[in-house]
Each structure stands twice: as structure tokens, then as C-alpha cells.
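Scroll down for the structure; my scribbles are underneath it.
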Amino acid sequence: NFIEESEQKELPEDWDIGYKILIDKDGITKQMLKPTYQVSIIKKPSEREFQNLINDFWWDTTYVAKCLARDEIFYAKFMSETVIRTEYLIPLIEWHIASENNWNITTNKYGRLFKKYLTQEMWTKTENTFSGSNIKENWTALFSMADLVSEIGTELSNKLGYKYPDKL
């Protein structure tokens with residue numbers, strides 16, 4: 001509960017990103033720690049993390065392609081939006097943004113601040129990865145994701161001195 005969490009020796013992750021007390025008639029929040037804002041700072045990936053993400057992205061796109069070819073939109077959307085976007089595309093874009101900002105930045109949760117930190121060109125490429133339920137639009141979005149991952153992944157591998165896993 002809130003009282004127990006507010007008495008912790010460490011601030012819960014969700015609070016460390018920042019909070020503001022609006023009213024506290026009972027003084028419950030007086031002993032609360034101040035946020036450090038460090039929990040949400042994007043961390044540089046290890047070479048293994050980077051390569052695993054790239055490999056997993058390319059592997060999982062095959063499921064989307066198969067589903068689209070079979071007109072199975074539900075599983076295609078699950079894979080593209082829940083798995084690929086959340087587990088691969090978002091972290092990759094976060095790493096890209098962090099690499100441009102000395103690894104001392106947050107983009108908040110699930111890409112909330114991407115538009116703020118990406119160039120207009122990169123934001124447009126990111127927007128192109130979204131689609132509705134139309135199969136043809138989903139193919140376009142999938143190819144846009146592939147292009148974006150290839151571009152950002154190659155750029156990051158060069159910046160970080162990591163080998164881009166081109167032999168999947």
C-alpha cells in the first residue's frame with residue numbers, strides 16, 4: 001500500500017522518475033526520499049544485448065510475414081505491436097537517442113518522448129512503422145520497421161564498436 005511504499009529505504013521505480021505531492025494533511029510523505037531520476041536513464045547495451053536484439057528482431061519478423069501472407073491479422077498484429085515494437089524497436093530507438101545524448105537521457109515509458117528527441121526525418125520513419133488492420137498497410141509497416149532497424153542498428157553498431165549481426 002502507499003504508506004508502506006512511502007516508508008521504504010529506496011524509492012520505488014515508478015516514483016524515482018519524479019513525483020509531486022499535491023496535498024498531505026497527515027504528513028505521510030514527509031520522510032519520502034527525493035527522486036534521483038536515474039532509474040529511467042537509458043543504459044548502454046552490452047554487445048551481446050545489442051546483437052541478441054537485432055537477431056531476435058529479424059527472426060520474429062518472419063512470423064509477421066507468414067501471418068500477413070496467410071491473412072492472419074490477429075497474430076500478425078500481436079507479433080508486430082506487442083513483441084517486435086515493444087521488445088525490439090522501442091529499446092533500439094532508446095539506444096539511438098541515448099547515444100546522441102551521452103547516455104544521460106530518458107525517453108519516458110514506451111517511447112513517450114521519442115518525437116521530442118528524434119529528428120523529423122527519423123520521426124517520420126518511426127511513424128511509418130504503424131498501421132491499421134489492412135494487410136497491405138501492415139506489409140508496408142513491416143518493411144518500414146525493417147528499414148528503420150537496419151538503419152539504426154548499423155549506425156549504433158558503428159558508434160559502439162559492435163559487430164552488426166549480418167549473418168543471422
inquiry  = Taking amide H atoms as placed 1.01 Å from N in the peptide plane, list the residues 5 or more away in sequence, or in a different chain, whose amide H sits under 5 Å from that of TYR162.
reply    = none
key: Helix-only [θ]222 nm of the chain, DSSP H runs n ≥ 4, -39500 (n - 2.57) each, per residue, nearest 500   = -15500 deg cm²/dmol
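Might you report the magnitude of the Cβ-based charge dipole of the chain about its Cα centre, with Lys and Arg at +1 and Asp and Glu at -1, to the nearest 20 debye? All intermediate terms of the calculation are to be shown ahead of the outcome.
Numbers: 21 positive and 26 negative charges, 55 e Å.
Value, rounded to 20: 260 debye.
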key: Signed unit charges on C-beta, dipole axis of region 47-160, positive-most listed residue HIS96, PHE78, PHE57   = PHE78
key: Hits among lysines - C-alpha to C-alpha of LYS163 under 19 Å, sequence gap 8 or more where chains match   = LYS43, LYS44
request  = Excluding residues on the same chain fewer than 8 positions from LYS30, give the lysines whose Cα lies under 23 Å from its Cα.
outcome  = LYS9, LYS20
query = By how many degrees, between 0 and 90 and to the nearest 10, does the Cα long axis of helix 47-69 differ from the longest principal axis of the chain?
reply = 60
remark   = Along region 103-116, Karplus-curve 3J(HN,Hα) (6.51, -1.76, 1.60; θ = phi - 60°) to the nearest Hz, with x for Gly and Pro, reads 6, 9, 7, 10, 10, 6, 8, 6, x, 3, 9, 4, 4, 5
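Determine, for region 47-160, the count of lysine pairs separated by eight or more sequence positions (or lying on different chains) whose alpha-carbon distance falls under 15 Å.
Within region 47-160, the lysine pair count is 5.
All of the numbers you see were taken from the coordinates with simple rules; none came from a lab. Here the structure is a predicted model, which means the values were calculated and not measured. A quick note on method: Cβ atoms are made from the backbone with ideal geometry, for glycine too, and the neighbour counts reach across all protein chains shown.
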